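In what follows, a single structure is set out as structure tokens and then discussed.
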Amino acid sequence: GMAGPSDSIIGDDAGEVIHSFLTRMPHRFSIGKGRAVFDAVMVEVDEVTGLALNIERIRRQEADR
């Protein structure tokens, strides 16, 4: 799942993360921009076999401002 700004990398500003990755220089990242999102899945599991019986996608998105 994921919770945070939609235009981010793990909640951080995408441009700063990519720059740090490419230059291999440590950097303190600022919070990413964009609409807040929450993505997850809910899995129903068979208690005997441990296999997934059903997987439901959950997505919530902040309303336009």
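Taken together, the values in this text are just the output of simple stated rules run on the coordinates, not laboratory data. What you see is a predicted model, and the numbers here were worked out from it, not measured in a lab. Glycine gets a Cβ as well: all are built from the backbone with ideal geometry, and neighbour counts include every protein chain shown.
For the reader, a short list of remarks on this structure follows.
- Gyration tensor verdict on the chain (Cα atoms; rounded if a/c is under 1.5, prolate if a/b is larger than b/c, oblate otherwise): oblate
- A DSSP coil position with no more than 14 other Cβ atoms inside 10 Å describes the following GluC sites (Glu not before Pro) in the chain: E47, E62.
- Legend: calculated FRET efficiency, A63 to H19, from the Cβ-Cβ distance at R0 = 30 Å, rounded to 0.05, equals 0.45.
- Amide H contacts of H27 (H built 1.01 Å from N, under 5 Å, at least 5 apart or other chain): none
- Placing unit charges on each Cβ (+1 for Lys and Arg, -1 for Asp and Glu) gives the chain a dipole about its Cα centre, and among T49, F21, F38 the Cα reaching farthest toward its positive end belongs to F21.
- T49 paired with V37, simple spin-label distance in nm, labels 7 Å along Cα-to-beta-carbon: 3.2 nm
- Debye, to nearest 20: dipole size of the chain, +1 on Lys, Arg Cβ, -1 on Asp, Glu Cβ: 380 debye
- In order through segment 37-50: 3J(HN,Hα) via Karplus (6.51 cos²θ - 1.76 cosθ + 1.60), integer Hz, x for Gly, Pro: 10, 9, 10, 7, 10, 10, 10, 8, 10, 5, 5, 7, 8, x
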